[in-house]
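Engineer: Once you've had a glance at the structure underneath, I'll fire off some questions.
The values are calculated or read from the model by the stated rules, or taken from the named source; none is laboratory data. Bear in mind the structure is a predicted one, so any value in this text is a computation, not a measurement. All Cβ positions, glycine included, derive from the backbone under ideal geometry; neighbour counts span all protein chains shown.
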Amino acid sequence: MVATDYYLIVSAVLFTIGVLGVLVRRNAIVMFMSIELMLNAVNLTLVAYARQFGSVEGQVFVFFVMTVAAAEAAVGLAIILAIFRKRRSTDVDDASLMRW
Amino acid sequence: MWFWLIPLLPLAGAAINGLVGKSLSRRAVQFVACGAIFAALLLSVASVWTLTGDLDAIEAAPGLTIDAEARSIERTLGVWIPGATGSDSLSASDGALDVTWGFTLDPLSAVMILVITGVGFLIHVYSIGYMHDDPGFARYFTYLNLFTGMMLILVLGSSFLVLFVGWEGVGLCSYLLIGFWYEDIAKASAGMKAFLVNRIGDFGFMIAMLLIFTNFGTLNISRVLGAIETDFLTQTALLTAIGLLLFVGACGKSAQLPLYVWLPDAMAGPTPVSALIHAATMVTAGVYMVARVSPIYVAAPSAMLTVGIVGAATALFAATIGLAQKDIKKVLAYSTVSQLGYMFIGCGVGAFAAGVFHLMTHAFFKGLLFLGSGSVIHAMSGEQDMTKMGGLRKKLPVTFWTFLIGTIAIAGFVPFAGFFSKDEILWQAWESGHPWLWLVGTLAALLTAFYMFRLVYLTFFGKSRASEEVQSHIHESPKTMTVPLMVLAVLSVIGGGIGLSPKFSLVGWPQFEHWLAPVFAPAARIKEALAHGAVHQAHPSAATEWLFIGIALAIATLGTFLAYYFYRMRPELPARIATRSGALYRILRDKYYVDEIYRVVFIHPLLGGARRLDGFDKQVIDGTVNGAGIGAQVTGQIAKMFQTGYVRNYALSFVLGVVFILWYLMVR
């Protein structure tokens, strides 16, 4: 049986990559992909612990997370589409009207 | 006893004229003002009459304290500053200040109120004519009444603090009246100068009051003076300090060296003001005060001697300046300073009654002289320069004769008033062992006779040096102005009849010194107590007295003759002497450059310091306050840098925050 630690490490790495992606990339769609990556990394953690303790609750929670991720992606992409239609650009830095 | 109303009547007149005077007719205003003073005069006469009678017959009333031995009646009107016990008690005050509004009537204040209301009334009547065409008619009479009320408070006050109220009040009114024509900046500045120099004196007075309070526990005058006799005779240092500080106040108010500089400038005010305030009443407040606290000075011989020396020096100093002045009012101003010096010589050698006597006679003839000069100025269409006058004798007969009487009085000729008072002071100076003071006083008397007759000759004799225009307008003044002149002239003649020492008094007239004896009895007792070791000097012979009288008359005659010589017989001489002695003449004419010296020594550094402080205020203090505002602004500028508008930056903040929390939880 593979030790839980390894799953956690993979999950952590995935999460970090996701975070960096959100911070560094300028394309809005890529930012969303990174957010999905972060959510899935969390899923992995939950499943790993579910396997370790032999309980089903972790796996049930994963379902919830996936649902939320899907809904959020739908809404977010709709917003990006609306902005893109106005500005013809997916660059997040262009939406900086709230500066001083 | 209604004498406490005496100060309040003029104050009421001032209130009426001040509040509604502008809408009243001229007649109404003058009626209110003169009526108030006349009522005060009648009340004063009645009160003094009661004082001469049997004091024990007066029925007791709450607030009334009668001391038959000191011949004083004190009337309290209510508490002003409630201390521990609510009355001016000497002992149980626990350091708390008790002051009641109280007025004391005794022989000394009786003399003063008669002079103030009497001469004041004459001057009010005179002002009706003099100020007739002035737009500020109501304002003038308001101030004049206010002044009279304050002066009466000063002389009747039974507590140092009440006296001080009057003291400050007359200083204020002096400022208001000197700067009456305030649109002229020079006149307004003269008023300011008077007030500021007065304040310097008041500073000394206040410190003296502090000393009195901390050592005696009360500010009630009679209690303080009584305590000196019983408890404080040995504390010479304290009494000397108090005496000198009070005298500083007197120097300011009564224009002695070095605080006399305001009085010549004060001639910027209307001439009746000069007559009332700067001849008859306000400037005599210092003399009154010194006489009132005579026990302090008798118990502190060095302070008393200082008073005498300053008085003598001032008398001579001012007389020398008066010699070289061209403005008729300036000559009279310096003459006033000089005569005040005489009064202080009198007080300085212990002859307080003589000093007060000279105060009274001076009020008569100096008031007369000022009013007369006002009449001259009025006739000359406002001209005050004597070199442009001349020959007014024929055209202004009443003015001329009354003025001449005043001049003879001030020069000290028998039997006019000035002779008796001046002679008595000089005699007492010699008698009490101060020959130098006598000498200085006699010299000043010589100069007085000289410059006064110089004034008369330049103004009234010779050919007129005025322009044709001015000459055509010369006319004698109206009755409201000439009648007071005549009354004062009569007083200047007979005033001396009240007599001072036994050798002069007329049969049946009460002797002045005898009248004032109860007031100065404590001082006399202290003098006895302090001299208990020394040999009592033998009483000088009558022959010596007559010798001194002869000297005084000879001096007066000499001064008059010199004036006659230089200004009637050889009128071209003064101009020649002036050019020949160049610098000396200029020094006298320019008043020894005292004003300029004061400007350089005191005013410039003070102004410089004030400017520096102002700069400090603007730069440092305002800078700090403004800096606080600027600091807030800068902080805002820095803080707003965080609002970049970039979503990714905000996301970065999230991440950093989460990292920090994780780290914190792990490390803890």
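Engineer: Looking at this structure, is B:V594 loosely packed, with under 10 Cβ neighbours inside 10 Å, more than 30 Å from A:R25 (Cβ to Cβ) and away from chain A (no Cβ under 14 Å)?
Structural biologist: Numbers: loosely packed, with under 10 Cβ neighbours inside 10 Å: no; more than 30 Å from A:R25 (Cβ to Cβ): yes; away from chain A (no Cβ under 14 Å): yes.
In short, no.
Engineer: Which pairs turn up if I take residues in the range B:202-216 that are farther than 12 Å from B:F164 by Cβ and look for partners that are surrounded by fewer than 20 Cβ atoms within 10 Å (Cβ to Cβ) and among the basic types (K, R) with beta carbon separation below 9 Å, at least 6 apart in sequence or on another chain?
Structural biologist: Pairs that qualify, where the first residue is farther than 12 Å from B:F164 by Cβ and the partner is surrounded by fewer than 20 Cβ atoms within 10 Å (Cβ to Cβ) and among the basic types (K, R), are B:F216/B:R223.
Engineer: Tell me, which residue of the range B:443-478 that is of a type in the set (S, T, N, Q) and crowded, with 21+ Cβ neighbours inside 10 Å is nearest to the chain's Cα centre (by Cα)? Give the derivation first.
Structural biologist: So in the range B:443-478, the residues of a type in the set (S, T, N, Q) come out as B:448, B:459, B:464, B:467, B:471-472, B:477.
Checking which are crowded, with 21+ Cβ neighbours inside 10 Å leaves us with B:448, B:459, B:477.
On the way: B:T448: 20, B:T459: 28, B:S477: 28 Å.
Residue satisfying both the conditions and the ranking: B:T448.
Engineer: Taking the stated definitions as given, is A:V19 within 14 Å of chain B (Cβ to nearest Cβ), modelled with pLDDT of 95 or more, under 18 Å from the mean Cα position of the chain (by Cα) and part of a helix (DSSP H, G or I)? Outline the logic, then answer.
Structural biologist: Values: within 14 Å of chain B (Cβ to nearest Cβ): yes; modelled with pLDDT of 95 or more: no; under 18 Å from the mean Cα position of the chain (by Cα): yes; part of a helix (DSSP H, G or I): yes.
Judged against the criteria, A:V19 is not a match.
Engineer: What number of residues within the range B:382-430 are aromatic (F, W, Y) and not in a helix (DSSP H, G or I)? Show your work before the answer.
Structural biologist: Kept after step one, since they are aromatic (F, W, Y), are these residues of the range B:382-430: B:400-401, B:403, B:413, B:416, B:419-420, B:427, B:430.
Imposing the further condition that a residue be not in a helix (DSSP H, G or I) reduces the set to B:413, B:416.
Total meeting the criteria: 2.
Engineer: Give the residues of the range B:637-651 that are at the interface with chain A (Cβ under 7 Å from one of its Cβ atoms) and under 12 Å from A:M98 (Cα atoms), sorted by residue number.
Structural biologist: Within the range B:637-651, the subset at the interface with chain A (Cβ under 7 Å from one of its Cβ atoms) is B:640, B:643-648, B:651.
Of everything in the range B:637-651, those that are at the interface with chain A (Cβ under 7 Å from one of its Cβ atoms) and under 12 Å from A:M98 (Cα atoms) turn out to be B:K640, B:Q643, B:T644, B:G645, B:Y646, B:V647.
Engineer: Right, here's the next one. Return the residues of the range B:382-431 that are hydroxyl-bearing (S, T, Y) and buried (at least 17 other Cβ atoms within 10 Å of the Cβ); say none if nothing qualifies. Outline the logic, then answer.
Structural biologist: If we filter the range B:382-431 for residues that are hydroxyl-bearing (S, T, Y), which is where we start, we get B:387, B:399, B:402, B:407, B:421.
B:T399, B:T402, B:T407, B:S421 - these are the residues of the range B:382-431 that are hydroxyl-bearing (S, T, Y) and buried (at least 17 other Cβ atoms within 10 Å of the Cβ).
Engineer: Against the condition closer than 17 Å to B:E476 by Cα and either in a helix (DSSP H, G or I) or touching a residue at least 40 places away in the same chain (Cβ under 8 Å) (or both), how does B:L369 come out, does it pass? Break it down into steps so the answer makes sense when it comes.
Structural biologist: Numbers: closer than 17 Å to B:E476 by Cα: yes; either in a helix (DSSP H, G or I) or touching a residue at least 40 places away in the same chain (Cβ under 8 Å) (or both): yes.
Yes: the conditions hold for B:L369.
So that you can scan it fast, the table gives a plain yes or no per residue for (1) on the phi > 0 side of the Ramachandran plot; (2) touching a helix residue (DSSP H, G or I) at 6+ places or on another chain (Cβ under 7 Å); (3) crowded, with 21+ Cβ neighbours inside 10 Å; (4) not basic (K, R):
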{"residue": "B:N215", "(1), (2), (3), (4)": "no, yes, no, yes"}
{"residue": "B:A227", "(1), (2), (3), (4)": "no, yes, no, yes"}
{"residue": "B:T230", "(1), (2), (3), (4)": "no, no, no, yes"}
{"residue": "B:A279", "(1), (2), (3), (4)": "no, yes, yes, yes"}
{"residue": "B:M289", "(1), (2), (3), (4)": "no, yes, yes, yes"}
{"residue": "B:Y297", "(1), (2), (3), (4)": "no, yes, yes, yes"}
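Engineer: Which pairs do you get when a residue that is farther than 12 Å from B:L9 by Cβ, found in the range B:24-40, comes within reach of a residue that is crowded, with 17+ Cβ neighbours inside 10 Å and among the polar types (S, T, N, Q), reach meaning Cβ atoms under 6 angstrom, with the pair 6+ apart or on two chains?
Structural biologist: Pairs found: B:V29/B:N17.
Engineer: Is it true that some residue in the range B:659-668 is within 14 Å of chain A (Cβ to nearest Cβ), surrounded by fewer than 10 Cβ atoms within 10 Å (Cβ to Cβ) and more than 42 Å from the chain's Cα centre (by Cα)?
Structural biologist: No.
Engineer: Please note which helices (runs of 4 or more DSSP H) are completely contained in the range B:547-620 and include at least 1 residues that are among the acidic types (D, E).
Structural biologist: Details: elements: B:573-580, B:582-589, B:594-598, B:604-616.
Ranges flagged: B:594-598, B:604-616.
For (1) surrounded by fewer than 16 Cβ atoms within 10 Å (Cβ to Cβ); (2) in contact (Cβ under 8 Å) with a residue 24 or more places away in the chain; (3) within 30 Å of B:Q643 (Cβ to Cβ), each residue gets a yes or a no:
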position: A:L23; (1), (2), (3): yes, no, yes
position: A:N27; (1), (2), (3): yes, yes, yes
position: A:N43; (1), (2), (3): no, no, no
position: A:S55; (1), (2), (3): yes, no, no
position: A:V60; (1), (2), (3): yes, no, no
position: A:T67; (1), (2), (3): yes, no, no
position: A:I80; (1), (2), (3): no, yes, yes
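Engineer: Among the residues of the range B:619-634, is any within 30 Å of A:M31 (Cα to Cα), more than 9 Å from chain A (Cβ to nearest Cβ), loosely packed, with under 11 Cβ neighbours inside 10 Å and of a type in the set (A, V, I, L, M)? It would help to see each step written out before you state the result.
Structural biologist: First pass over the range B:619-634, keeping only residues within 30 Å of A:M31 (Cα to Cα): none.
No; the residues of the range B:619-634 include none that is within 30 Å of A:M31 (Cα to Cα), more than 9 Å from chain A (Cβ to nearest Cβ), loosely packed, with under 11 Cβ neighbours inside 10 Å and of a type in the set (A, V, I, L, M).
Engineer: Which residues, counting only those in the range B:322-335, are among the hydroxyl-bearing types (S, T, Y) and either at pLDDT below 85 or in contact with a Pro (Cβ under 9 Å, 6 or more places away or on another chain) (or both)? Give the derivation first.
Structural biologist: Within the range B:322-335, the subset among the hydroxyl-bearing types (S, T, Y) is B:334-335.
Scanning the range B:322-335 gives a single hit, B:Y334.
Engineer: Now for a different question. Restricting the search to the range B:249-261, which residues are in contact with a Phe, Trp or Tyr (Cβ under 8 Å, 6 or more places away or on another chain) and surrounded by fewer than 24 Cβ atoms within 10 Å (Cβ to Cβ)?
Structural biologist: Scanning the range B:249-261 gives B:L257, B:V261.
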